[in-house]
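Structure, as structure tokens:
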């Protein structure tokens, strides 16, 4: 007869203590987990004393140990074959192997393919899947002072991930290995379902948890399939998926009782509101009985209301740049059907384009898998991103607002559905415009709710009761976060748009929707602020035609360089100098050239322009002689201005070489002679370092003055403008505004030809 009590062997105690240490539990916690009223049986277990058979088995299963390997064998126990633990182990292993074999095809069918929007055919999971990363600490649970986020201006923080709340990332599979109960949370389209599918396939193919039976359940299907079955439970539902394989319900229970199942419960957020409580209860009841199994549940972050006991909550992280390029390569290979070499070429080009400064908003969106798929789709045809970026953002929003749910037949809560799609867009546009104009990228929840309430109060048949309106605004905020992920909780009680790109798009849309003289004048008042750049580009793309806005921008730029300002004097010189150049370049291009080379060598604009031309090999190649000569002289002056006595010995040869301009002075013998005279004034390079240092200390400043005077007299270049800090700021703003106006011209096709040409001709001209 089988013994009623069992005890652990010496080796079994060692294994049990190791497992207990890995769990990090207390004996009280372990006792509660296995349903014991006191921890005394736990103490007896770890000291090798006999305890009740059932308690012994429960403790082993809780520690994820095989009771047969922990048990102290006895002669009496061996005399009863029916109770031999080794035989029981063999039996459960055989049962798991049998069900894995029978269930293999269904798991492959359930989880082995992906259905992407706008892609007509299913795609094999392993051909496109990219391993995801996990944030073990959820951003929305983190306490952060809003001032730490708000003080980070948009032109300073990194758009890729918004530069805030950075955490350690771990691989998704590593998190699954580490935690037996896991709640995978994420934004819409972040890859939660795909991740669970990959875990199921890995288990099915024996690559992960090969001794477990993988069971994948879509919780929306569970709710729909059991809505007319009042006494349903998860065991019945699982058993029904095996009913055609001549498997008994008891066999399913045996596997679950031994903790030999990998349960994957997908998309808790997709369960209809009316079924939510019932499905949550079904899951909870299952967990209470079969807690020994490894269980993973996925859900959108904001839709997660119920917390399951013992579950660790983690968040799927946005894609890194490495993940983006890996996905892009697979996409071009599998979906675009390119050769491996061509797919690699396209992926590299795709990433290079994304990393251009002007494409930072697109890179920001590409960190979300669902939007990355759309970005690859748009890129594959022209091997570039559309110049009308507003259309790309509009399609991305259409995915999140409508198509993503429609494609899966999901209907969200009734309250938020009472707002039409247009009203939802107008609401988000209102919130975006107010916050962006005020320079607010992060808002406390109460202020975000107030903005929503302000919009709702203006709707026909709006709620008049203040308290009721506040409750409704809170519900709408949570619905926007849960359903579309466009507004998200960045840290505890702090909200923002999920992407700065969407905040900019909705702001531009609000301006476009209310476009009139006053609205456009208000926009133009921000022409010198770099954080408004994307708003201008998007608004110009939306306006048809964009003539009025562009002409207002032109007028505002002209006003920046007023008659009394030093900037106006500088631009007058730029214009006069450029007018003397006989070349085929556009006049504005020549003005841009002289604008930049007239700046000190340490100035970013000057450095970029001069170095770009030099590195491109255009110094004496593509430039006409006059431009090449003035650039070379400016370079010589720059070399001398950056000279110090200590480095004169090292830089003397470079300075002499910079003055050797015979190839550009064939038709200017007088200037060539003057430059040679200046060159002869320099000391011999053969002199000692100390002698050269003394020479530069005594004569360097006068020599530079002579070079500058020669350049001014002969070429009208090299002036020392003596700008103060305010002048430099005004100069930078003026250049930036002209560059923005040109970018707007190039980005929009909806401009009257005469207006386009007139504005191009007006670029970098002094004020009236």
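Computed from the coordinates by the stated procedures, all read-outs in this text should not be read as laboratory data. Here the structure is a predicted model, which is why all the values come from computation and not from measurement. Cβ atoms come from the backbone with ideal geometry, glycine included; neighbour counts cover every protein chain shown.
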**Asked** Name the residues of region 24-60 whose amide N is less than 12 Å from a point 7 angstrom out from the Cα of residue 5 along the C-beta direction?
**Response** 41, 44-45, 48-53
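Could you give the length gained on full extension between residue 762 and residue 52, defined as 0.36 nm per residue of separation minus the Cα-Cα distance, in nm? It would help to have the intermediate numbers written out before the result.
On the way: separation 710, 0.36 × 710 = 255.60 nm, distance 9.27 nm.
Working it through step by step, the gained length comes to 246.3 nm.
Just to verify a number: FRET efficiency for residue 231 and residue 169, C-beta to C-beta distance, R0 = 35 Å, to 0.05?
Details: r = 43 Å, r/R0 = 1.24.
That gives a FRET efficiency of 0.20.
Averaging sequence separations of C-alpha pairs under 8 Å and six or more residues apart, then dividing by the length of the chain, give the relative contact order as a whole percent. Working shown, then result.
Numbers: 947 pairs, mean separation 86.2, N = 768.
Relative contact order for the chain comes out at 11 percent.
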**Distance (nanometres) between label positions extended 7 Å along Cα→Cβ at residue 72 and residue 349** = 7.4
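For residue 274 and residue 582, compute 0.36 nm times the residue count separating them, minus their Cα-Cα distance, and round to one decimal in nm. Provide the component values of the computation, followed by the final result.
Details: separation 308, 0.36 × 308 = 110.88 nm, distance 7.73 nm.
Full extension from residue 274 to residue 582 adds 103.2 nm.
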**Fill in**
To the nearest 10 degrees, the tilt of helix 566-579 (Cα long axis) against the first principal axis of the alpha carbons of the chain is 70
**Rg in Å to one decimal, and Dmax rounded to a whole Å, for region 414-544 via C-alpha atoms** = 15.0, 45
**Request:** Give me the distance in nm between label points sitting 7 Å out from Cα along the Cα-to-Cβ direction at residue 240 and residue 461, one decimal.
**Result:** 3.8
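As an exercise, use a Förster radius of 45 Å and the Cβ-Cβ distance of residue 687 and residue 569 to find the FRET efficiency, rounded to the nearest 0.05. Walk me through the numbers on the way to the answer.
Values: r = 42 Å, r/R0 = 0.94.
Approximately 0.60, to the nearest 0.05.
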**Complete:** Relative to the chain, whose Cα atoms define the longest principal axis, helix 53-62 and its Cα axis are tilted in degrees, nearest 10, by 10
**Asked** Roughly how many whole Å is it from the C-alpha centroid of region 167-204 to that of region 680-737?
**Response** 62
**Prompt:** With N residues in region 560-747, what two-decimal value do you get for its Cα radius of gyration over 2.2 N^0.38 Å?
**Reply:** 1.10
**CD proxy at 222 nm, helix term only [per DSSP H run n ≥ 4: -39500 (n - 2.57); per residue of the chain; nearest 500]** = -17500 deg cm²/dmol
**Rg/Rg_globular for region 190-251, with Rg_globular taken as 2.2 N^0.38 Å and Rg from C-alpha atoms** = 1.30
**Item:** Listed peptides 492-505, 26-39, 735-748, 459-472 by packing density, highest first (mean Cβ within 10 Å)
**Value:** 492-505, 735-748, 26-39, 459-472
**Request:** For the chain, report the convex hull volume of the alpha-carbon atoms normalised per residue, in Å³, without decimals.
**Result:** 245
**Request:** For region 476-544, state the average projected area of the convex hull of the C-alpha atoms over all orientations, rounded to one decimal in nm².
**Result:** 5.8
**Complete:** The convex hull of the Cα atoms of region 646-768, divided by residue count, gives a volume in Å³ per residue of 199
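Expressed in nm to one decimal, what extension gain is obtained for the pair residue 43 and residue 126 from 0.36 nm per residue of sequence separation less their Cα-Cα distance? Write down the numbers at each step before the final one.
Values: separation 83, 0.36 × 83 = 29.88 nm, distance 4.74 nm.
Gain in length upon complete extension: 25.1 nm.
For residue 654 and residue 680, what is the calculated FRET efficiency with R₀ set at 22 Å and r taken between the beta-carbons, to the nearest 0.05? Present the calculation step by step, with values, prior to reporting the outcome.
Working: r = 17 Å, r/R0 = 0.78.
The pair residue 654/residue 680 has a calculated efficiency of 0.80.
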**Asked** Between residue 694 and residue 716, how many nm apart are label points set 7 Å from Cα along the C-beta direction?
**Response** 4.4
**Fill in**
Taking Cα atoms, the helix 753-762 axis meets the longest principal axis of the chain at an angle in degrees (rounded to 10) of 60
**Request:** Apply the Debye scattering formula to region 5-83, with a single equal point scatterer on each alpha-carbon and no solvent, then give log10 I(q)/I(0) at q = 0.15, 0.17 Å⁻¹.
**Result:** -0.46, -0.59
**Asked** Along the principal axes of its C-alpha atoms, what lengths does region 321-382 span, in descending order and rounded to whole Å?
**Response** 29, 22, 21
